[in-house]
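Following: one structure in structure tokens, then a few remarks.
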Amino acid sequence: MLKIAIQKSGRLSESSRKLLEECGIKFFNGSGVLKTKAVNFPVEILFLRDDDIPQYVEQQVADIGILGENMVYEKDKDVKIVEKLGFAQCRLSLAIPKDEEYPGPSYFTKKKVATSYTKLLSDYFRKNRIKAEIEEISGSVEIAPGIGLADAVCDIVSSGSTLLTNGLREVETVLKSQAVLISNKNLSKDKGEILDKLLFRIRAVKNAKENKYILLNAPESAIEKICRILPGIKSPTILPLAEKGWCSLHSVVKEDEFWERINQLKNAGAQGILVIPIEKLVV
Ligand code: PRT
Ligand code: ZN
């Protein structure tokens, strides 16, 4: 049985539960539940505060966990990151009052900066040889300059709208972050095998999200050119159409390359292009 810690409630909890469900793991998902065993996979799920997950994984209270990289590096526990999960993308940034001039990181010399990320921020200042004062606060960091508690802030940013509404401007990125899967460094053989099975499924789910299935019709004469635009996983599947001289071509395209490819395909003679989501993709 592998014990997996996920956030009980917060920005990561919904996506973490969804990822496990997409991996085919069924478990009781009631709101007051603190731990539950999956019914069809040898894992037990623990619902915790994200801040506590690195420590629990280090101490083997949980074997693996899902949380933001920002929290992994801030807590600095003896755990390893085994997979980036591609959700909860954000950054830890320094921000200053929007009308202030910004000459570069030297701006922060002798300034007071409010943050909940004291380790990451002091590492950043040390690396950039800046002597600044760090004011540790646990929440609502962006309000600190407005109430005279600090000159600047260092906090998590995703859309940037919280900074904007508090009259702040982002000037430096301290860390880019996304949700990751962490593991204890000394898993038993049995637990390691369960983790490998889980990772196989997670990668299939991730691949599926990053790729789309594409179907199109094209004259036979255009097929060679289209195959060069759409190499697919091995090579595209080509089937004849009822209309003589025409084929249907099936392949896989990376989601982030899709819009660029679509024009090339049309120019090459493709018609009736259909793009559909993939549920799982094992390569
Ligand atoms: O209760 P618990 O301790 O478990 O949760 P929490 O309140 O500490 O964390 P939570 O749920 O807020 O965030 C969990 C993780 O989500 C973080 O550690 C990040 O890895 C990730 N994440 C992604 C974010 C954001 N996006 C985010 N926008 N965490 C926080 N924010 C906050 C930020 O602090 C700021 O107040 O959202 C505001 C900024 O958002 P924008 O969109 O206005 O820029
Ligand atoms: Zn937290």
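Which condition number in (1) under 14 Å from residue 173 (Cα atoms); (2) surrounded by 18 or more Cβ atoms within 10 Å (Cβ to Cβ) is the one that residue 128 fails?
Status for residue 128: all satisfied but (2).
Among (1) surrounded by fewer than 19 Cβ atoms within 10 Å (Cβ to Cβ); (2) of a type outside the set (Lys, Arg); (3) within 29 Å of the chain's Cα centre (by Cα), there is one condition residue 246 misses while meeting the rest; what is its number?
The single condition residue 246 does not satisfy is (3).
Taking segment 1-33, which residues are farther than 12 Å from residue 179 by Cβ and within 16 Å of ligand 2 (Cβ to nearest atom)?
If the condition is that a residue be farther than 12 Å from residue 179 by Cβ and within 16 Å of ligand 2 (Cβ to nearest atom), then 5, 8, 9 are the ones that fit.
Here's the yes/no breakdown for (1) assigned to a strand (DSSP E or B); (2) farther than 23 Å from residue 54 by Cβ; (3) within 16 Å of ligand 2 (Cβ to nearest atom):
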| position | (1), (2), (3) |
| --- | --- |
| 107 | no, yes, no |
| 124 | no, no, no |
| 135 | yes, yes, no |
| 146 | no, yes, no |
| 164 | no, yes, no |
| 176 | yes, no, no |
| 183 | yes, no, no |
| 193 | no, yes, no |
| 197 | no, yes, no |
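Looking only at segment 242-258, decide whether some residue is outside any helix (DSSP H, G or I) and among the hydroxyl-bearing types (Ser, Thr, Tyr).
Checking segment 242-258: at least one residue is outside any helix (DSSP H, G or I) and among the hydroxyl-bearing types (Ser, Thr, Tyr).
Please find, within segment 50-90, the residue that is farthest from the chain's Cα centre (by Cα) out of those that are within 9 Å of ligand 1 (Cβ to nearest atom) and of a type outside the set (A, V, I, L, M, F, W, C).
52
Among the residues of segment 75-100, how many are free of Cβ contacts under 8 Å to residues at least 60 places away in the same chain and among the aromatic types (Phe, Trp, Tyr)?
Final tally of qualifying residues: 0.
Determine whether residue 136 is within 30 Å of residue 270 (Cβ to Cβ) and either exposed (fewer than 14 other Cβ atoms within 10 Å of the Cβ) or not assigned by TED's automatic domain parsing to the domain that holds residue 71 (or both).
It is false that residue 136 is within 30 Å of residue 270 (Cβ to Cβ) and either exposed (fewer than 14 other Cβ atoms within 10 Å of the Cβ) or not assigned by TED's automatic domain parsing to the domain that holds residue 71 (or both).
Provide a single number: the residues in segment 153-196 that are among the charged types (D, E, K, R), farther than 19 Å from residue 84 by Cβ and out of contact with any Gly (no Cβ under 7 Å at 6 or more places or on another chain).
7
Check residue 113 against each of (1) under 30 Å from residue 205 (Cα atoms); (2) more than 26 Å from the chain's Cα centre (by Cα); (3) part of a strand (DSSP E or B) and name the one condition it does not meet.
Only one criterion is unmet by residue 113, namely (1).
Does segment 39-47 include one or more residues that are surrounded by 13 or more Cβ atoms within 10 Å (Cβ to Cβ), at pLDDT below 95 and more than 15 Å from ligand 1 (Cβ to nearest atom)?
No; the residues of segment 39-47 include none that is surrounded by 13 or more Cβ atoms within 10 Å (Cβ to Cβ), at pLDDT below 95 and more than 15 Å from ligand 1 (Cβ to nearest atom).
Filter segment 68-92 down to the residues that are closer than 21 Å to residue 171 by Cα and charged (D, E, K, R) and list them by number.
Result: 69, 74, 91.
The values are calculated or read from the model by the stated rules, or taken from the named source; none is laboratory data. Because the structure is a prediction, the values reported are computed rather than measured. Using ideal geometry, Cβ is built from the backbone for each residue, glycine included, and neighbour counts are taken over all protein chains shown.
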